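Heads up: the structure comes next, in structure tokens.
The values are calculated or read from the model by the stated rules, or taken from the named source; none is laboratory data. None of the values given here were measured: they were computed from a predicted structure. Note that each Cβ is placed from the backbone with ideal geometry, even for glycine, and that neighbours are counted across all protein chains shown. Surface accessibility is based on the protein's heavy atoms, side chains included, excluding ligands, DNA and RNA. Shrake-Rupley method; radii C 1.70, N 1.55, O 1.52, S 1.80 Å.
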Amino acid sequence: QVGELDGFLAVPHRACPREELALGVDALLVADADDFYGNIGVVGRGRLSGLLLDPRVEAFVSWEAVRYQTLLSAVSSSYIGLGYLAWGVSGQLANEGGGVYALTGRMVLPTTTGLDRHAQPLAMDIGLTGAWQVDVNFRFHLWVTFLGSFAVSQGPADPHAGFRFGGGVDWRPFEWGALVLEIQSGLFYRDIVDLVAANVGLRFALGTEIGLEIAAQVPFLGVRALDDGALTVAGKVMLSWRLR
């Protein structure tokens, strides 16, 4: 549950439906000294999830209530205001033998207050997520997501399309804590090799209904990644309440 694209685009969604309210902070740091480029962003975000007519189907809304962004380049700029609104649905296809599979989709809307002045970006993704509980302490998961976007403006639509895939393991040595390790890859959305990144997360159970997650992503291949001489770090801290 961490990513570098606006509105959480292409971030894989869980395969198990949940009724939940979550509040958190996302952060992004991009530093490319050779190209005199820097990007700093901080987002305060809320997410509401609930069942949609069926216990196997989850609908969710994610809203960037506050977004701060500073671009450092030949022409620098900064922004503070509303961010992007994303909504989507996840539906289980199968749940048997310790494995669960779900089809997910998300739409990202340009609900900012002045960030996108000349072109309004619209984006969406659709993907497949799978998880397998192989042991009481270990769970493996995989995903593949297709994503696309275009701009609504008087100029070019600037369409983009690509896909991302990855997987990882959840290790839960304690009832109150778990470690998540992942590798994520992406192709064609921004470049032929969009990114290859390592994700790490820590999850804590603060009782039976409240959870805390701290996560980070570091791309080591792709656009403005370590192989290009740049440093990109995306991070997240989120507190969630299970409603039922």
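The Rg/Rh ratio of segment 55-185, with both radii computed over alpha carbons and Rh defined as the Kirkwood radius, is 1.07.
Across the chain, where is the longest run that never hits chymotrypsin sites (Phe, Trp or Tyr not before Pro) in a DSSP loop with at most 13 other C-beta atoms within 10 Å? In the chain, the maximal stretch lacking such sites is 37-175. The slack between LEU71 and ALA27, meaning 0.36 nm per residue of separation minus the straight C-alpha distance, is 14.5 nm. With the simple model of a label 7 Å out from the Cα in the direction of the Cβ, LEU179 to ASP35 spans 3.4 nm.
Computed over segment 120-179, the Cα gyration tensor eigenvalues convert (square root of 5λ each) into semi-axes of 38, 12, 7 Å, ordered from largest to smallest.
Full extension of the chain between LEU122 and ALA59 yields a length gain of 20.7 nm, computed as 0.36 nm times the residue separation minus the alpha carbon distance. Around GLY44, with a cut-off of 13 angstrom between Cβ atoms, what is the net charge of the other residues, counting Lys and Arg +1 and Asp and Glu -1? Result for the local shell: +2.
Divide the volume of the convex hull around the Cα atoms of the chain by the residue count and you get 125 Å³ per residue. Label positions at PHE188 and MET107, each projected 7 Å from the Cα along the C-beta direction, are separated by 2.4 nm.
Per-atom-type breakdown for segment 93-244 gives carbon and sulfur 67% of the accessible area (1.4 Å probe, protein chains only).
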